[in-house]
1. For the pairs K160/K181; K48/K191; K94/K130, flag any whose C-alpha to C-alpha distance is greater than 21 Å.
2. Report, in cubic angstrom per residue, the convex hull volume of the C-alpha atoms of the stretch 168-227.
3. According to a simple spin-label model (label point 7 Å from Cα along Cα-to-Cβ), what is the distance in nm between Q88 and K48?
4. Residue farthest toward the positive end of the dipole of the stretch 162-228, with Cβ of Lys/Arg at +1 and Asp/Glu at -1: which of L173, A162, T200?
5. Give the carbon-plus-sulfur fraction of the accessible surface of the stretch 145-228 in %, rounded to a whole number; probe 1.4 Å, heavy atoms of protein chains only.
6. Grab the Cα-Cα distance for E59 and Q187, subtract it from 0.36 nm times how many residues apart they are, and report the gain in nm with one decimal.
Amino acid sequence: MPFSRRRFLVGAGQLALFAAVAGPMLKLAGLDGALISPAAAQTVDAAKLFAPAASALTEESLGAKDAPVTIVEYASLTCSHCAAFHTQTFPTLKSKYIDTGKVRFILREFPFDPVATAGFMLARCLPDDKYFPMVSSLFETQRAWAFGNDPAQGLLTVAKQAGMSEADFEKCLSDKDLAEKVQASAQYANKELGVDSTPTFFINGKKFAGAISVADLDKELAPLLQGK
């Protein structure tokens, strides 16, 4: 899901009032791209990829910290290809590689619009151990809340299922500081890492922009895990 120019959130409020309270955001300008070939992939400096400035919020990760492979994904909750990855490919990645200590997976927010920003804010407002379950729920139910006429109600439904009250929902989405920190991840990634579409993956620093399948992962991970 690429964009043509950078626009960022400078304020946030209840979703029903987004038109009035949401400031500049990343602008959509097309659809997700296909996975680029490994030969064409760029490799970024680990110092940049894992710099403190890369995430203004606590790093959300799964898997062993000393795993031989680290995958960093930049995603938007309103990105259909991100949802496809998390519902179709991620379960295998988790069971085959993350849960077995071979891969550490890091998810970083790269929201393109107020609705995606709000979804990530809600995940961040929950206890830390509920971050990934909430993100998974949002991707699994994306069609129900992301593209309808009332995303506020759709998100509230998902939030309540995660144990959040309506009062906490509204309080979370009124947190301007949190909104800006969620957006800071996208700003850094775009400026320092050249991320301009979602999903974008960094596999031990090698950049892959676009859709990625289980077969793609197996092919890329095999040489990195040889003998592990």
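The values are calculated or read from the model by the stated rules, or taken from the named source; none is laboratory data. As the structure is a computational prediction, the values presented were derived from the model and not from experiment. Cβ atoms come from the backbone with ideal geometry, glycine included; neighbour counts cover every protein chain shown. Surface accessibility is based on the protein's heavy atoms, side chains included, excluding ligands, DNA and RNA. Shrake-Rupley method; radii C 1.70, N 1.55, O 1.52, S 1.80 Å.
1. Distance filter (> 21 Å) returns K160/K181.
2. Numbers: hull volume 8.5 nm³, N = 60.
Once divided by residue count, the hull of the stretch 168-227 is 141 Å³.
3. It is 3.1 nm.
4. Positive-most Cα among the choices belongs to T200.
5. Working: 1780 of 3870 Å².
The value for the stretch 145-228 is 46 percent carbon and sulfur by accessible area.
6. Details: separation 128, 0.36 × 128 = 46.08 nm, distance 1.59 nm.
Extending this stretch completely gives an extra 44.5 nm.
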